[in-house]
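Everything below concerns the one structure shown next.
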Ligand code: ADP
Ligand code: ASP
Ligand code: MG
């Protein structure tokens, strides 16, 4: 018997007809003789609504109760899908996070899965029954409900597939695979048959929200074969697999964008040892992660401008932290800009090819788009540009790297 995990995202379970449709996709796997565990997301938009309600009740509130509220969306779809399966004659039941249990740490709202105790679940699956499990939730120390960060149902699915030693983890969503760029923006984007874990990890961490970053890292560590596929169309999806399984590599596999960063510039900070530590230390203490960093050349040998990016949601806390330290930093001004977008080109083939970054810079220059910050890794080049050029830049780069569909 083949054991598989199926995960259905928010749009796939957005209403009752869709939940019934999803039940049919689960039944199809059961009828094919597979052992099936299912992870469900909340109905599309529900988690946003729950977040708004929590904020409306009290803008400042504890993360533990925040998690209690946010986790409920998945409980609804988990129960409804179990009902739909039972109505089709499939032996199914719900298992909430604490019932399995899916044990996490106590970093509420962004908890990490530490362990999944699969004993009872495996016995249940081996009996030919379907387990329906809410994604995104677990149980933290003190028996408190935890959640895994937005988009976290992908991570629930991969963690479960690893714990159950499942042969496949199928991620059902509203696109039929991973594309060379977000198909909602670049109409000429092409579906990839296969993509390496490493590229997918960069894709996800640079903003392609088709998979949560943590889920890809976990799949890579545990060799979980991921298949991203459509809930609504029965067409082949995209396999996310190891580099050794992919014969031919293109130099650039795809382009991602992220509108969730904001830029901060410290004007004329002292150019001496210890200053960067004095800036980034307090930000780290406030739990604010810094992404791109550029330090300009010091013209007079005494002062320099330092620019970096933080998540947009952390812009205000970052500015207030820095303003408190302004005297120590001795900077002339602190500037910020939230109207920026980070665009990244990604591909493992970049390791062995020269001129990849140059093509990016010249393509943007041809369109008159100014690059504000650059960062690179072995398999990606990212630039920060004004947000208004997002579409123009993505489409131009997509064409320049030969990624357009015929
Ligand atoms: P789900 O609710 O199923 O988890 P998400 O909304 O989290 O779905 O992820 C799917 C969305 O990811 C797609 O609708 C698409 O707009 C977006 N996306 C961004 N980049 C890509 C990409 N490169 N390939 C496919 N989808 C992408
Ligand atoms: N419902 C959660 C969210 O919207 C988790 C998920 O769908 O993956 O972020
Ligand atoms: Mg998602």
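The numbers here are math on the coordinates, done by the rules we state, and not lab data. Treat the numbers as computed from the prediction; the structure is a model and nothing was measured. Quick reminder, even Gly has a Cβ in these numbers, built from the backbone with ideal geometry, and neighbours come from all protein chains shown.
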_Burial order of peptide ranges 128-141, 41-54, 249-262 (average beta-carbon count within 10 Å, highest first)_ = 128-141, 249-262, 41-54
*Please give the length that would be gained between residue 259 and residue 28 if that part of the chain were fully extended, namely 0.36 nm times their separation in residues minus their C-alpha to C-alpha distance (nm, one decimal).*
79.3 nm
_Helix 72-87 axis, angle to the chain major axis (alpha carbon atoms, nearest 10°)_ = 30
*So for the chain: antiparallel DSSP bridges make up what percent, rounded to the nearest 5?*
60
*Compare 153, 344, 377 in a GNM of the chain, Cα atoms joined below 10 Å, and give the one with the largest fluctuation.*
377
*Using label points projected 7 Å from each Cα along Cα→Cβ, tell me how many nm separate residue 188 and residue 332, to one decimal.*
4.4
*Theoretical gain in end-to-end length, residue 15 to residue 245 [0.36 nm per residue, Cα-Cα removed]*: 79.0 nm
*asked:* Full-extension gain between residue 297 and residue 65, please, as 0.36 nm times their residue separation minus the C-alpha to C-alpha distance.
replied: 78.8 nm
*Mind sorting 195, 246 by how few other Cβ atoms lie within 10 Å of their own Cβ, fewest first?*
246, 195
*Put a dot 7 Å past each Cα toward the Cβ at residue 313 and residue 107; how far apart are the dots in nm?*
1.4
*For the chain, what's the relative contact order in percent, using C-alpha pairs closer than 8 Å and at least 6 residues apart?*
14
*Angle, helix 213-222 long axis vs. longest principal axis of the chain, Cα atoms, 0 to 90°, nearest 10?*
60
*Once the Cα gyration tensor of region 358-405 is diagonalised, semi-axes √(5λ) in Å*: 16, 15, 10
*Compare the peptides 232-242, 92-102, 154-164, 290-300 by average per-residue count of other Cβ atoms within 10 angstrom and give them in order, highest first.*
154-164, 92-102, 232-242, 290-300
*Quick one: helix 390-400 against the long Cα principal axis of the chain, what's the angle to the nearest 10°, folded into 0 to 90?*
80
*Out of all DSSP beta bridges with both ends in region 87-224, state the antiparallel percent to the nearest 5.*
65
*Within a Gaussian network of the chain (alpha carbon springs, distance under 10 Å), most fluctuating of 394, 114, 364*: 114
*asked:* Can you compute the helix-only [θ] at 222 nm over the chain? Use -39500 (n - 2.57) per DSSP H run of at least 4 residues, normalise by all residues, nearest 500 deg cm²/dmol.
replied: -10000 deg cm²/dmol
_Global form of region 1-137, assessed from the alpha-carbon gyration tensor, a/c cut-off 1.5_ = oblate
*Largest-first principal axis extents of the Cα set of the chain (Å)*: 77, 52, 33
*In a Gaussian network model over the chain where Cα atoms closer than 10 Å are linked, find which of 272, 326, 28 has the largest mean-square fluctuation.*
272
_Length-normalised contact order of region 29-114 in % [C-alpha pairs under 8 Å, at least 6 apart]_ = 25
